[in-house]
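In what follows, a structure is listed as structure tokens, so that the remarks can point back to it.
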Amino acid sequence: MSHSLIDTIFNCMNLAARIGVVVYLIKKYIVPKISSSIIYQKESLKILEQQHRELKGQVTDIEKQIKDQEQLYFDLQAKFVLWQVALEKEQQEYDRACKEYEQKLAYQLERKQQHTERRALIKNELPAILKKVKKDLQDLTKKDPRIGKRYMQNLLDYAVGK
């Protein structure tokens with residue numbers, strides 16, 4: 001029995017030494033690696049959280065810029081519609097003024113043509129009319145000399161009255 005007790009004690013010491021070596025090796029090699037891995041993971045998590053906050057800020061800025069651009073687009077679209085309406089109104093006013101001017105020119109051209117036609121008619125027809133009136137007056141004064149005297153008197157009265 002004494003052999004077995006000594007074996008048991010040595011076995012326990014051997015087990016304790018092995019456990020001590022394993023604990024020593026775990027503390028020396030595994031725990032620092034796990035600890036540094038945990039620290040690395042914590043730092044990575046902090047960096048990722050910081051990047052997440054920055055990205056959220058950028059997303060907020062981009063959304064604000066999008067809203068600003070949309071507002072600018074709607075403002076420009078409204079201005080474009082107003083400009084287009086004003087341009088159409090101006091074009092209509094210009095067309096109306098052109099039409100009035102064309103009508104005025106057509107009216108003046110028509111009056112000028114009528115005047116020219118009357119002058120041409122008078123120029124062409126007046127000598128013949130005067131010749132006929134002169135002949136009729138001569139015939140009339142030959143038939144009745146009193147009409148000739150009255151005609152001469154009216155001419156003199158008209159010339160003096162001026």
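So the values come out like this:
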| read-out | value |
| --- | --- |
| Simple label model, 7 Å out from Cα along Cβ direction - Cys98 to Arg111, nm | 2.5 nm |
| The chain - charge dipole about Cα centre, Lys and Arg +1 at Cβ, Asp and Glu -1, debye rounded to 20 | 1740 debye |
| The range 83-143-the range 15-82 distance, computed between alpha-carbon centres (Å) | 92 Å |
| 0 to 90° range, to nearest 10: angle between helix 2-25 axis and the chain longest Cα axis | 20 degrees |
| Theoretical ellipticity at 222 nm over the chain - DSSP helices of four or more residues, -39500 (n - 2.57) apiece, nearest 500 | -35500 deg cm²/dmol |
| Accessible solvent surface per residue of the chain, calculated while the other protein chains remain in place, 1.4 angstrom probe, Å² | 98 Å² |
| The range 111-158 shape via C-alpha gyration tensor axes, a/c threshold 1.5 | oblate |
| The chain - percent of accessible surface contributed by carbon and sulfur, probe 1.4 Å | 62 percent |
| Note, ³J(HN,Hα) from phi for the range 78-87, Karplus 6.51, -1.76, 1.60, rounded to Hz, x at Gly and Pro | 5, 5, 5, 4, 4, 4, 5, 5, 5, 5 |
| Charge dipole (the chain, unit charges on Cβ, about Cα centre) - positive-most of Ile38, Gln138, Gln69 | Gln138 |
| Gyration tensor verdict on the chain (Cα atoms; rounded if a/c is under 1.5, prolate if a/b is larger than b/c, oblate otherwise) | prolate |
| Selection from Leu25, His52, Leu109 lying farthest towards where the dipole of the chain points positive, charges on Cβ | Leu109 |
| Total charge dipole magnitude, the range 1-88, about the Cα centre, Cβ charges on Lys, Arg, Asp, Glu only, Debye to nearest 20 | 780 debye |
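The values are calculated or read from the model by the stated rules, or taken from the named source; none is laboratory data. No experiment lies behind these values; they were computed from the predicted model shown. Reconstructed Cβ throughout: ideal geometry from the backbone, glycine too, with neighbour counts over all protein chains shown. Surface accessibility is based on the protein's heavy atoms, side chains included, excluding ligands, DNA and RNA. Shrake-Rupley method; radii C 1.70, N 1.55, O 1.52, S 1.80 Å.
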